[in-house]
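Read through the structure below, which is laid out as structure tokens, and then see the notes.
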Amino acid sequence: MVYKDLADIIFPNAKDISYYEEKYPSRNLKEGAMVLRVAPSPTGNVHIGTVYQALIAKKLAKQTDGVFFLRIEDTDQKREIDGGILQIIDTLKNFDLEPDEGMISETEEKGAYGPYKQSQRKEIYQAYAKYLIEQGKAYPCFCTPEELDEIRAKQEAAKIRPGYYGVWAKYRTFPVEDAVKKIQAGEQYIVRFKSQGREDRRIKHKDIIKGNVDFPENDQDIVIIKSDGLPTYHFAHVIDDHLMGTTHVTRGDEWLSSVPLHLQLFYELGFKAPKYAHTPTLLKSDNGNKRKISKRKDPEAAASYYQEVGIPSLAVKEYLLNIGNSSFENWKRQNKEKTIDEFEFQLNKMSVSGALFDMVKLLDVSKIVISRFSAEEVYEQTIAWAKKYDAELLKLLENKDYSLKVLGIERGNKKPRKDIAKWSDVKDNIDYMYDEEFFKKAHNYEYQVISDKSDIDKILTLYMEKYYNENDDKQTWFDKIKELAGEMGYAKEVKEFKANPEAYKAHVGDVSTVLRIALTGRANTPDMYEIMQVLGKESIKKRFEKAMEK
Ligand code: GLU
């Protein structure tokens, strides 16, 4: 009996690998085009790291007229969660990171290199496993879990490297005849790779991000096909990225140490290995220490968090690009009008060690991103968010024309307002601009410097009777507040006041503060002139009256 007989008994129906090699020809792409993928497992809520991976992969594919595809790695069926695949697809959609190929719903896909779901590729993996068995490069292993435990215990006791390798690989040299007998007797088995590697030899690898690394060769006879007939990650990675024509594997650096094994598998299967770029883990600073951002501890680790609190996808992507290529921030500052698609991302400029993910910084980026939006965009995105998460806000924004004016305050100019970081901030940010909200609330009107009640009432009355005119331009409007200040014995200029503080009760800025607080109930607001323009005479009058009642 020869290896071929063993292979036929294990995988009687598997096709010859030439079938798949022909079915999935090399891609016809222009020189330099990169083919990249994101390959998440539907085993839990989508992590922000997956968004990061997808962003980088899609960006590079786009930049080079290549292909970005989504592969679902669902070979660990015990850990799969309900709706896991859909969640991945929806996340990519929410971040505007749809793949060119791959799964587009739980059951449908597009592209000529599928199936893009590993559980549907069983026969492909088996064909290649059969090929390896025929060559004597893979073999069935009949070890029970107890036997494996026993091997490990012996290794531990003897203080030697654990694993299934060399002399410890019990079925590595098992005669083919005996293996066939066991299979025919119905014994359970898995398929292992017969490693030709040696632990005392080293393998060099040039990673695009990590640079030159070298590791001991892999000598472990790792499992390639599990007892359920599905492949392990390692085997599936090699087969899939070969057949799907991946040119660059971008993946988290937790896989870096598997490179010796993967290169070995590519080599033994006669495939050309892709280039690898292992991206640094997203870290969070926690009491001065850096640790992996974790779904268990950090809400921001979940990709869904950003939709929930209403951080625009663009802001998240801009922030992630910052983390990826630190030159992005500067580029964006100098190219405000350009879209992120125009930035050229460079894998080899990524930091080698961990990338710090900082929510405060992200929110700052988001403020800038939102400050560049038009009032209409802010309105539409806020409405979309409010429909899902905040019925009160939805109600508040019912009057679109008025809301556009409110959201348009200090927007579209050179220094646009930067006070909204997320859609869930909008309500607190603008509710005072709506009479129904403003008059519902009790305000405590802390006028700061000017505290005399009769002075305050006089400022408000005089302003309304003598100085306010809704048709004034901004300069006239401000000149009038100065006049009002002068008339009441306050310095018309802050400078004058500072030069001669004894001569005045306070200055024009303090008078403005009275107007502002009476008008809005707040000490900090955007431009008061614009606020008055939006509120209009009736509302201003009523607001001053309310303030005087107190
Ligand atoms: N399914 C693997 C993971 O989620 C993919 C790693 C890879 O991109 O190759 O970690």
Per the filter on segment 1-36, residues assigned to a loop (DSSP other than H, G, I, E, B) and within 16 Å of the ligand (Cβ to nearest atom) are M34
When residues of segment 445-465 are filtered for being in contact (Cβ under 8 Å) with a residue 12 or more places away in the chain and either among the basic types (K, R) or farther than 24 Å from F478 by Cβ (or both), how many remain?
1
Output the residue which, of all residues in segment 141-165 that are hydrophobic (A, V, I, L, M, F, W, C) and touching a helix residue (DSSP H, G or I) at 6+ places or on another chain (Cβ under 7 Å), is nearest to D178 (Cα to Cα).
F142
Mind listing just one residue for me: the one in segment 137-164 that is part of a helix (DSSP H, G or I) and of a type in the set (K, R) and, of those, surrounded by the most Cβ atoms within 10 Å (Cβ to Cβ)?
R152
With the structure loaded, tell me whether Y319 is surrounded by fewer than 20 Cβ atoms within 10 Å (Cβ to Cβ), more than 14 Å from the ligand (Cβ to nearest atom), assigned to a helix (DSSP H, G or I) and at pLDDT 95 or above or whether it fails that test.
no
The listed residue being among the hydrophobic types (A, V, I, L, M, F, W, C), modelled with pLDDT of 95 or more and surrounded by 20 or more Cβ atoms within 10 Å (Cβ to Cβ), out of F193, F215, F174
F193
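Among the residues of segment 78-88, are any more than 16 Å from the ligand (Cβ to nearest atom) and not small (G, A, S)? Outline the logic, then answer.
Of all residues in segment 78-88, those more than 16 Å from the ligand (Cβ to nearest atom) come to 82-83, 86.
Now restrict to residues that are not small (G, A, S): 82, 86.
Checked segment 78-88: at least one residue is more than 16 Å from the ligand (Cβ to nearest atom) and not small (G, A, S).
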Can you name the strands (runs of 3 or more DSSP E) wholly within segment 195-268 that have at least 3 residues being more than 22 Å from V167 (Cβ to Cβ) and more than 25 Å from the chain's Cα centre (by Cα)?
202-207, 211-216
Please report, ordered by residue number, the helices (runs of 4 or more DSSP H) entirely within segment 413-516 with at least 3 residues that are at pLDDT 95 or above.
426-430, 435-438, 453-462, 474-487
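Evaluate the following for F69: is it under 23 Å from Y189 (Cα atoms), modelled with pLDDT of 95 or more and of a type in the set (F, W, Y)?
Values: under 23 Å from Y189 (Cα atoms): no; modelled with pLDDT of 95 or more: yes; of a type in the set (F, W, Y): yes.
Judged against the criteria, F69 is not a match.
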Taking H248 and the conditions (1) closer than 30 Å to A179 by Cβ; (2) within 14 Å of the ligand (Cβ to nearest atom), which numbered condition does it fall short on, given that it satisfies the others?
(1)
Looking at segment 278-307 only, could you name the residues that are in a strand (DSSP E or B), within 17 Å of P40 (Cα to Cα) and not polar (S, T, N, Q)?
H278, L282, A302
Candidate set: segment 261-273, residues that are surrounded by 21 or more Cβ atoms within 10 Å (Cβ to Cβ) and within 15 Å of the ligand (Cβ to nearest atom); chosen: the one farthest from L356 (Cα to Cα)
L265
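If I ask for residues that are outside any helix (DSSP H, G or I) and of a type in the set (S, T, N, Q), which ones from segment 362-379 would you list?
S374
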Please work out which residue is nearest to T281 (Cα to Cα), limiting yourself to segment 38-69 and to residues that are within 11 Å of the ligand (Cβ to nearest atom) and touching a Leu at 6+ places or on another chain (Cβ under 7 Å).
G49
Residue selected from segment 170-183 under the condition among the charged types (D, E, K, R) and assigned to a loop (DSSP other than H, G, I, E, B), by the criterion farthest from F266 (Cα to Cα):
K170
Being away from the ligand (no atom under 13 Å from the Cβ) and closer than 30 Å to Q220 by Cβ narrows S294, S258, S326 down to just S294
Pairs with Cβ under 9 Å, 6+ apart, first in segment 189-205 and more than 18 Å from L269 (Cβ to Cβ), second among the aliphatic types (A, V, I, L, M) and surrounded by 13 or more Cβ atoms within 10 Å (Cβ to Cβ):
Y189/I10; Y189/A179; Y189/I183; I190/V223; I190/I224; I190/I225; K204/V213
Residue among E342, E337, E380, E318 that alone is touching a residue at least 24 places away in the same chain (Cβ under 8 Å) and of a type in the set (D, E, K, R):
E318
Of a type in the set (F, W, Y), closer than 30 Å to N325 by Cβ and within 14 Å of the ligand (Cβ to nearest atom) - does that describe any residue in segment 206-227?
no
Could you pull out the residue among H242, H278, H237 that is within 16 Å of the ligand (Cβ to nearest atom), under 18 Å from Y125 (Cα atoms) and surrounded by 22 or more Cβ atoms within 10 Å (Cβ to Cβ)?
H237
So how many residues does segment 145-184 have that are under 17 Å from I222 (Cβ atoms) and small (G, A, S)?
3
Part of a loop (DSSP other than H, G, I, E, B) and within 16 Å of the ligand (Cβ to nearest atom): is that true of G186 in this structure?
no
Qualifying positions in segment 310-350 - closer than 20 Å to L283 by Cβ and among the charged types (D, E, K, R)
K317, E318, E329, K349
Among the residues of segment 380-412, how many are under 28 Å from E337 (Cβ atoms), within 23 Å of the chain's Cα centre (by Cα) and either outside any helix (DSSP H, G or I) or small (G, A, S) (or both)?
1
Out of everything in segment 178-206 that is in contact with a Cys (Cβ under 8 Å, 6 or more places away or on another chain) and of a type in the set (V, I, T), what residue ends up being nearest to I239 (Cα to Cα)?
V191
With the structure loaded, tell me whether I203 is among the aliphatic types (A, V, I, L, M), modelled with pLDDT of 95 or more and touching a Ser or Thr at 6+ places or on another chain (Cβ under 9 Å) or whether it fails that test.
no
Can you name the residue in segment 124-146 that is touching a Lys or Arg at 6+ places or on another chain (Cβ under 7 Å) and charged (D, E, K, R) and, of all such residues, is nearest to R172 (Cα to Cα)?
K137
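The values are calculated or read from the model by the stated rules, or taken from the named source; none is laboratory data. These numbers were taken from a predicted model, which means no experiment stands behind them. Cβ: placed from backbone, ideal geometry, glycine included. Neighbour counts: every protein chain shown.
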